[in-house]
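What follows draws every value from the coordinates through simple rules; no lab data is involved. These figures come from a predicted structure and were not determined experimentally. No Cβ is skipped: glycine too gets one built from the backbone with ideal geometry, and neighbour counts run over all protein chains shown.
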């Protein structure tokens with residue numbers, strides 16, 4: 001089926017969100033956010049793909065795949081990595097202050 | 001919100017988003033097809049500016065402004081994570097006397113790979129406009145090289161060879177260099193981040209104009225950003241202790 005890669009992207013987004021809702025551990029939540037975002041990599045790369053085309057570097061034989069979506073994916077990966085780092089730093093602070101990383105035990109407000 | 005209420009909200013939302021995704025994707029052009037309008041425009045533009053790695057040309061020339069935004073996100077999250085990972089008022093940095101032991105084989109491999117990784121990282125950064133790679137990828141490789149000292153040696157050794165303030169300064173300077181290169185383009189041609197340097201011969205090291213210099217700036221920023229981030233996480237795990 002020629003639309004399958006696009007649906008894989010949509011499925012990754014939804015399964016990542018599913019994981020966030022189901023999560024009992026903030027580290028697991030952060031990983032699920034990263035998985036939801038990886039759906040965008042699959043979507044971008046499969047939009048630019050062409051059967052039989054090579055990597056977008058000059059000198060490669062034949063036609064090349066779309067370099068613009070590859071550049072967007074690179075941006076996406078960098079953003080995902082930095083956001084993951086920031087979220088993990090937040091988890092460390094939460095763990096220190098509340099002695100738990102279970103999101104269900106973090107529901108009361110603190111002044 | 002109770003767990004069951006949360007699930008109801010999730011299934012309603014996921015059902016709606018899922019239905020919209022399916023509706024949108026059914027109208028997509030078939031996977032792997034021949035029609036790529038962006039490619040037809042960006043490939044000749046990259047070759048015309050002597051940048052054989054078209055992805056780098058897109059990132060650092062054709063849409064360099066977006067890369068500045070991306071770099072700012074990187075800088076912002078490094079600053080944020082560094083602020084969150086600072087030792088608090090009732091914490092002090094203490095190094096353990098006993099650091100465990102490292103297998104001889106790990107030591108040998110680590111010290112052998114350290115110079116190799118450094119050179120590969122530098123190569124990936126400086127040839128970013130010619131071959132696959134660039135500042136972002138090479139920066140991560142260079143930061144990995146620094147941390148081989150921790151894997152093969154010890155945390156003490158890493159701290160001695162890796163003065164954190166240098167990397168913090170390098171991070172800021174590299175981020176600033178990107179903006180300054182952009183402003184020079186604005187002054188000379190009226191377009192921010194315009195490709196102002198001579199394009200050179202396709203395939204030469206100093207070709208493709210600003211792409212090379214922006215790649216080096218981003219490489220320095222990513223290296224120092226990753227080192228600063230990991231130093232924060234390593235300190236939390238290994239040396240920051242609560243004192244009462």
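Using only Cα atoms, find the angle between the long axis of helix A:67-98 and the longest principal axis of chain A, and express it within 0 to 90 degrees, rounded to the nearest 10. Rounded to the nearest ten degrees, it is 10.
Rounded to the nearest 0.05, what FRET efficiency is calculated for residue B:187 and residue B:66 with R0 set to 22 Å and r the Cβ-Cβ distance? Calculated value: 0.55. Placing one equal scatterer on every Cα of the range B:1-118 and applying the Debye formula, the log10 ratio I(q)/I(0) at q = 0.12, 0.23 Å⁻¹ is -1.06, -1.18.
By the count of other C-beta atoms within 10 Å, a proxy for reagent exposure, B:157, B:113 are ordered fewest to most as B:157, B:113.
Of the two radii for the range B:165-225, the radius of gyration is 1.05 times the Kirkwood radius, both from the alpha carbons; that is the Rg over Rh value. Relative to the longest principal axis of the Cα atoms of chain A, helix A:4-22 runs at roughly 10 degrees.
Contact order for chain B, expressed relative to its length and based on alpha carbon pairs under 8 Å spaced 6+ residues apart, stands at 28 percent. Taking 10 °C and 1.306 mPa s as conditions, chain B diffuses translationally at an estimated 75 µm²/s according to Stokes-Einstein applied to its Kirkwood radius (Cα pairs). Sorted from greatest to least, the principal axis extents spanned by the alpha carbons of the protein assembly as shown come out as 65, 53, 47 Å.
Spin-label pair residue B:237-residue B:97: with each label point 7 Å from Cα along the Cα-Cβ axis, the two points sit 2.5 nm from one another.
Measure out, as a whole number of angstrom, how far apart the alpha-carbon centroids of the range A:65-110 and the range A:24-63 sit. Answer, in whole Å: 19. For the peptide A:47-59, the mean number of other protein chain Cβ atoms found within 10 angstrom of a residue's Cβ is 6. Compared with the dominant Cα axis of chain A, that is its longest principal axis, helix A:26-48 is turned about 20°. Counting beta carbons within 10 Å around each of B:98, A:25, A:76 and listing the fewest first gives the order B:98, A:25, A:76. Summary of the geometry: the range B:66-88 and the range B:191-244, compared by the centres of their Cα atoms, lie 13 Å apart.
Taking every residue in A:80-92 and counting other chain Cβ atoms within 10 Å of its Cβ, the average works out to 6.
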